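Below is one structure, written out as structure tokens; the observations come after it.
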Amino acid sequence: MNDFQEKYNVFESALEIPEPWYVFHHELAKEEKTLHIYIEYRKGAEFSCPNCEAPGCKVHDTQDQDRTWRHLDFWQYKTTLHARMPRVKCESCGKIRTVIIDWARPGAGFSTLFEHHVLSLMVEMPVLAVARKVGEHDTRLWRVFKYYVDKEVEKIDVSNLKSVAMDETSRSKGHKYVTLFVDTDTRKVIFVTEGKGSDVLQEFCLFLDSKGVSRSQIKDFCSDMSPAFISGIEEN
């Protein structure tokens, strides 16, 4: 038993797998250049309720017998994590729900460490280049990008916004533009939207509405002499 546990300690440490989960098997598919790591929960394990977070919920059943996640490569091998996903029945709220794991966010096909890795690469190169580098389809990586960008946008605080500057920039060939809005007091970008017409001001107002900020508190608005921008500012 000690030899068995020692064999998989390196994987558990590298993957940062918490109790009651443990690594119980691995397969190296050399022709596929893929390392498969299998994770299991211990017999008698208890989990927190995914619905109300009540502790001590026992396993009700296991419907998803082999859920997989792409993980950071081990050596030169693409690594895939496998696990049976148990459902628990909560005595507090009465719900039966699939447990929430620590190594990946719900609904993601990648581990959290893999997502953070590709995000760090996206700072330095286009998403398509990142996709080629890690061997994934760029559509899947764009979903990761959008999830974390949306998450950060939700945190933007514009409650004290009083002065705004806006300008457009080309995003690709063919006269395709995006318009950026900046809080001139903090010098931070607070909103970005496609286009460069007067309708971008309407999109900005919808953003303010979503944040519960009255457009009347904006006292200064700075833009170039674009007729579309000027009319949009006046109308809104």
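General observations
- Residue within the stretch 197-205 that is over 16 Å from E235 (Cβ atoms) and in contact with a helix residue (DSSP H, G or I) (Cβ under 9 Å, 6 or more places away or on another chain) present: no
- Taking the stretch 196-236 as the range and being within 28 Å of the chain's Cα centre (by Cα), surrounded by fewer than 16 Cβ atoms within 10 Å (Cβ to Cβ) and of a type in the set (D, E) as the test, only D209 passes.
- First in the stretch 94-112 and farther than 12 Å from R67 by Cβ, second anywhere and among the hydrophobic types (A, V, I, L, M, F, W, C) and loosely packed, with under 15 Cβ neighbours inside 10 Å, Cβ under 9 Å, 6 or more apart: K95/C52
Residue-wise test of (1) open to solvent by less than 50 Å² (accessible area, probe 1.4 Å); (2) at pLDDT below 95; (3) closer than 26 Å to F204 by Cα; (4) touching a His at 6+ places or on another chain (Cβ under 6 Å).
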{"site": "V118", "(1), (2), (3), (4)": "yes, no, no, no"}
{"site": "D138", "(1), (2), (3), (4)": "yes, no, no, no"}
{"site": "D150", "(1), (2), (3), (4)": "no, yes, yes, no"}
{"site": "I156", "(1), (2), (3), (4)": "yes, yes, yes, no"}
{"site": "K162", "(1), (2), (3), (4)": "no, no, yes, no"}
{"site": "E168", "(1), (2), (3), (4)": "no, yes, yes, no"}
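- P50 closer than 28 Å to K151 by Cα, assigned to a loop (DSSP other than H, G, I, E, B) and either open to solvent by 80 Å² or more (accessible area, probe 1.4 Å) or in contact with a His (Cβ under 8 Å, 6 or more places away or on another chain) (or both): no
- Candidates in the stretch 183-195 are the residues that are surrounded by 17 or more Cβ atoms within 10 Å (Cβ to Cβ) and hydrophobic (A, V, I, L, M, F, W, C); of these, the one that is farthest from I156 (Cα to Cα) is V192.
- Pairs where the first residue, in the stretch 22-48, is more than 20 Å from I100 (Cα to Cα) and the second is in a strand (DSSP E or B) and open to solvent by 70 Å² or more (accessible area, probe 1.4 Å), C-beta under 7 Å, 6+ apart: K33/K78; T34/K78; L35/L28; H36/E27
- Within the stretch 141-187, tally of residues that are in contact with a helix residue (DSSP H, G or I) (Cβ under 8 Å, 6 or more places away or on another chain) and not in a strand (DSSP E or B): 8
The values are calculated or read from the model by the stated rules, or taken from the named source; none is laboratory data. Given the structure is predicted, the values throughout are model-derived calculations rather than measurements. Glycine gets a Cβ as well: all are built from the backbone with ideal geometry, and neighbour counts include every protein chain shown. What goes into the accessible areas is simple: the full protein's heavy atoms, side chains included, and nothing from ligands, DNA or RNA. Shrake-Rupley method; radii C 1.70, N 1.55, O 1.52, S 1.80 Å.
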